[in-house]
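Read the structure below first, then the notes.
Read the figures in this text as sums done on the coordinates, not as results from a lab. Values in this document were obtained by computation on a predicted structure and should not be read as measured data. Ideal geometry is used to build each Cβ from the backbone, glycine not excepted, and the neighbour counts take in all protein chains shown.
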Amino acid sequence: MAQEATARMKIRCPKEPLLAAVQTAAAVVPARSTKPVLTNIKFEANSNGTVISATDLEVGIRVELEGVETLAEGTVLLPSARLMAILRESAPSTVFEIHSDGSATVVKAPRSEFRLPVEDPLEFPTVAVFPTGPCFEIATPLMRELVRRTVFATDNESSRYALGGVLVELSSDGVIAVGTDGRRLAKMEGPCQVQGGEPIALQPIVPARAMSLVERSLGAADAPVHLALRADANEILVRTAGTTISARLVEGRFPRWRDVFPDRPDASKVQIVVGPLLAAVRQAAIVTSEQSKGVDFSFESGQLVLSGRSSESGESRVELPIDYTGEAVRIKLDPRFMADVLRVIDGGTAITVEITDPQSACVCRTDDGYGYVIMPLAAD
């Protein structure tokens with residue numbers, strides 16, 4: 001039966017939507033695998049349209065193919081790398097026809113034809129479909145910021161597996177995303193809606209790679225994003241416009257992140273525009289090295305002085321005018337950690353920087369629900 005279904009499948013599609021869908025799916029295809037079937041992309045064509053899917057058994061993706069003409073229903077597997085090469089090397093607006101004749105899967109264009117080996121679609125793992133029932137709905141712009149402003153702070157190399165993911169707290173009160181590597185912590189929050197009933201509050205830890213894939217799948221679409229949890233499979237599913245991403249949850253205990261944002265009424269606070277601050281941080285960091293990576297942030301009356309030094313590269317001093325009238329405070333920070341957060345915020349935005357003393361964390365906040373904590377380095 002599998003061979004018959006495979007032989008019947010036949011679709012026709014222009015290059016551009018086909019390549020876009022394949023590129024999205026190929027993001028989860030492993031370059032090497034003990035299961036060679038995972039290096040393929042699965043095409044499923046039926047009366048509802050054509051869906052392509054891929055998985056590495058940790059993260060899966062289903063992409064609805066746009067602009068496709070279904071000539072015959074069925075399922076085929078195509079090698080991801082070869083299919084990508086065929087599409088990329090073709091001329092713009094080329095219309096492809098994909099079908100299987102039982103002995104080969106054929107990718108055909110007006111002036112080219114490729115016959116690729118047939119593999120059994122039944123050997124390909126099932127990629128989860130977004131479930132019916134209660135789910136959470138998040139606006140696309142907010143979902144993009146939830147990912148961009150947290151995923152960079154995670155640590156995939158840590159032996160504490162939970163640090164390799166983003167904690168996503170979902171409830172009828174809203175959504176909070178948190179990423180940390182133990183030395184800095186990023187938190188973004190905003191509103192969300194409940195759809196289809198009242199789902200239970202969720203606190204899954206989603207792999208950072210899956211979160212980045214969600215961001216890439218958002219595109220420019222205005223359609224909201226939906227999230228649901230398959231508790232029986234320890235899996236979260238995220239549906240964007242035309243794409244469903246499933247990911248096995250990260251195991252482990254996430255740090256008590258709320259303890260990192262203490263109420264500090266005695267903290268000195270100053271608003272600084274992101275663009276000029278990023279430029280100053282990058283300049284001061286020019287002379288730092290792996291051995292001397294810290295930059296001193298000296299908050300003085302009317303100015304912030306950033307200074308770096310290393311025995312190999314010399315010294316730097318950069319002055320940035322700020323509206324600060326409190327007591328002078330100096331704190332040593334890793335400039336990479338400060339630059340990382342400034343890059344994910346619009347350059348014209350003003351952030352509020354909170355400092356107390358050289359030994360306590362530096363906290364950055366924005367007016368749209370974002371918070372970022374950097375632990376200080378030891379002073380020289």
For the stretch 60-100, one quarter of the surface area of the C-alpha convex hull, expressed in nm², comes to 3.8 nm²
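Would you order 132, 75 from fewest to most other beta-carbon atoms within 10 Å of each residue's own beta-carbon?
Values: 132 8, 75 20.
Ranked by crowding around the Cβ, least crowded first: 132, 75.
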Read-out semi-axes √(5λ) of the Cα gyration tensor in Å, derived from the coordinates shown; its label in (1) 39, 22, 20; (2) 48, 23, 18; (3) 44, 22, 19: (2)
Direction-averaged shadow area of the convex hull around the Cα atoms of the stretch 1-70, nm²? 5.2 nm²
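If the viscosity is 0.890 mPa s and the temperature 25 °C, what Stokes-Einstein diffusion coefficient in µm²/s follows for the stretch 269-380 when Rh is the Kirkwood radius over Cα pairs?
For the chosen part, D equals 176 µm²/s.
Looking at the chain, how many pairs of lysines come closer than 16 Å at the Cα, when each pair is eight or more places apart or spans two chains? Write down the numbers at each step before the final one.
Working: 10/42; 10/108; 15/108; 293/332.
The number of close lysine pairs in the chain is 4.
Using only DSSP helix segments of four residues or longer, with each worth -39500 (n - 2.57), what per-residue ellipticity at 222 nm results for the chain after dividing by its residue count and rounding to 500?
On the way: 7 runs with 68 residues, N = 380.
My calculation for the chain gives -5000 deg cm²/dmol from helical runs alone.
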Normalise the Debye intensity by I(0) for the stretch 135-257, one equal point scatterer per Cα, no solvent, then take log10 at q = 0.18 Å⁻¹ and round to two decimals. -0.89
For a quick check: with amide H placed at 1.01 Å from N, whose amide H comes under 5 Å from residue 174's, ignoring anything fewer than 5 positions away on the same chain? 192
